[in-house]
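Contents: one structure, followed by commentary.
The values are calculated or read from the model by the stated rules, or taken from the named source; none is laboratory data. This is a predicted model, so every value here is computed, not measured. Cβ coordinates were reconstructed from backbone atoms using ideal geometry, including for glycine residues, and neighbour counts include every protein chain displayed.
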Amino acid sequence: MFRLWHDDNGTHGMAMKPNISRRDCLTTLSGLFCLTSAHAALSGTSDDARFPQRSITLMVPWPAGGSTDLSMRILAQEASKQLRQNIVIENKPGAGGTMAMAPLQIARPDGYTLAHYATVFEQSPGMLSNTLLYCGLAAGIDVLLGTSIAYLILRTKLVARHWLDWIASAALAIPGLVLAIGYLRTFRGVLVPGTDVLFTATWFLIMIAYAIRRLPYALRSCMAALQQVHHSLEEAAASMGATRLRTVRRVMIPLMAGGMLAGFVTSFITAAVELSATMMLVTKESQAPMSYGIYLYMQSTSGRGPGAALGVLAIVAVALGTYASHWLVSRHQRLTQIHRPQG
């Protein structure tokens, strides 16, 4: 990867991370192209606002004359035009690329780099997948429980049914740290059925904590969606001979789809940034989600860069989930309008 830097003597530099795959190289080149394009788009600003303002040294961890060296020289020529600065190629082969990475490691953090993302993917590749797994399962459980509780409260006459709402919402009044300690004490000594593994040592407990903590959000969305469905629709389906289960599956669920999806996304987004309960329930690094990874990285000065990169990845994951939910809702609305009979 690349990093622009300068020292106290007024010299700029740019180092490239060695031993990267072809895909990583293409990603790096694309990122640098976006950087130079953005700089070109802002070329109308004053000279004082431009960066870099001094010459750049591109350190290549391969010997001169090779295919990689030629590619870097072509890149440097085009980047020099866009950045309006001279770029000097400096080949530093040897020691598996350590010779070229040394200036990057000792440079002050006042430039631009993609190396922190490479650090995250090298050291913590499972945190993103863990977050998607835990939060996705937790949000799915919240939607199922929220829909069921909303139906029992609004469509039945069970005694003390409103207690279900109060019990589900009680998790908001309990700090995540206290809730996690309660789980650890409750399941202390309990083994996973058929194994010798403690239940408190599995990621399943983390997912349960996420689901309980975020259930009130999904419940509110599901109740709001069900309140908009009139009783006459269920009565009409019953008059046509539909069973209660078929009415729920063919009438209620499609009409509540928007609210259920909103509850899923809300639970997913808020669970992705849950830290207090996560700190107590994670027993090994392979179980850690992104929120725990950001916390670990931020404990040291050298880890703040990877921690910030992991935070950006968390934002991207949440943004993609939000975009997907909006796309699904819009698609559902378009299909509904297409199949709606014309009056």
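Points worth noting:
- Members of segment 218-248 found to be over 37 Å from the mean Cα position of the chain (by Cα) and among the basic types (Lys, Arg), listed by number: Arg244
- Qualifying helices (runs of 4 or more DSSP H) (wholly inside segment 206-279; at least 1 residues being acidic (Asp, Glu) and surrounded by fewer than 24 Cβ atoms within 10 Å (Cβ to Cβ)): 231-239
- Filter result (over 10 Å from Gly146 (Cβ atoms) and of a type in the set (S, T, N, Q)) within segment 207-261: Gln227, Gln228, Ser232, Ser239, Thr243, Thr247
- Take the conditions (1) free of Cβ contacts under 8 Å to residues at least 24 places away in the same chain; (2) under 16 Å from Tyr210 (Cα atoms); (3) among the small types (Gly, Ala, Ser); Ala271 misses just one of them, which is (1).
- Scope segment 149-171; condition touching a Leu at 6+ places or on another chain (Cβ under 9 Å) and more than 24 Å from Pro289 (Cβ to Cβ); matching residues: Ile149, Ala150, Tyr151, Leu152, Ile153, Leu154, Arg155, Leu158, Arg161, Leu164, Asp165, Ser169
- Selection status of Ala118, within 22 Å of the chain's Cα centre (by Cα), modelled with pLDDT under 80 and not in a loop (DSSP other than H, G, I, E, B): yes
- Of the residues in segment 283-298, at least one is modelled with pLDDT of 75 or more and more than 21 Å from Ile206 (Cα to Cα).
Residue-by-condition table, conditions (1) more than 23 Å from Gly305 (Cβ to Cβ); (2) surrounded by fewer than 19 Cβ atoms within 10 Å (Cβ to Cβ); (3) at pLDDT below 75:
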| position | (1), (2), (3) |
| --- | --- |
| Arg50 | yes, yes, yes |
| Arg54 | no, yes, yes |
| Thr68 | yes, yes, no |
| Arg73 | yes, yes, no |
| Lys81 | yes, yes, no |
| Ile87 | yes, no, no |
| Leu104 | no, no, yes |
| Arg108 | no, yes, yes |
| Tyr112 | no, yes, yes |
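- Search result, residues across segment 153-173 that are part of a loop (DSSP other than H, G, I, E, B) and either modelled with pLDDT of 90 or more or exposed (fewer than 13 other Cβ atoms within 10 Å of the Cβ) (or both): Thr156, Lys157, Leu158, Val159, Ala160
- Residues of segment 280-290 satisfying the condition of being assigned to a helix (DSSP H, G or I) and buried (at least 24 other Cβ atoms within 10 Å of the Cβ): Leu281, Met290
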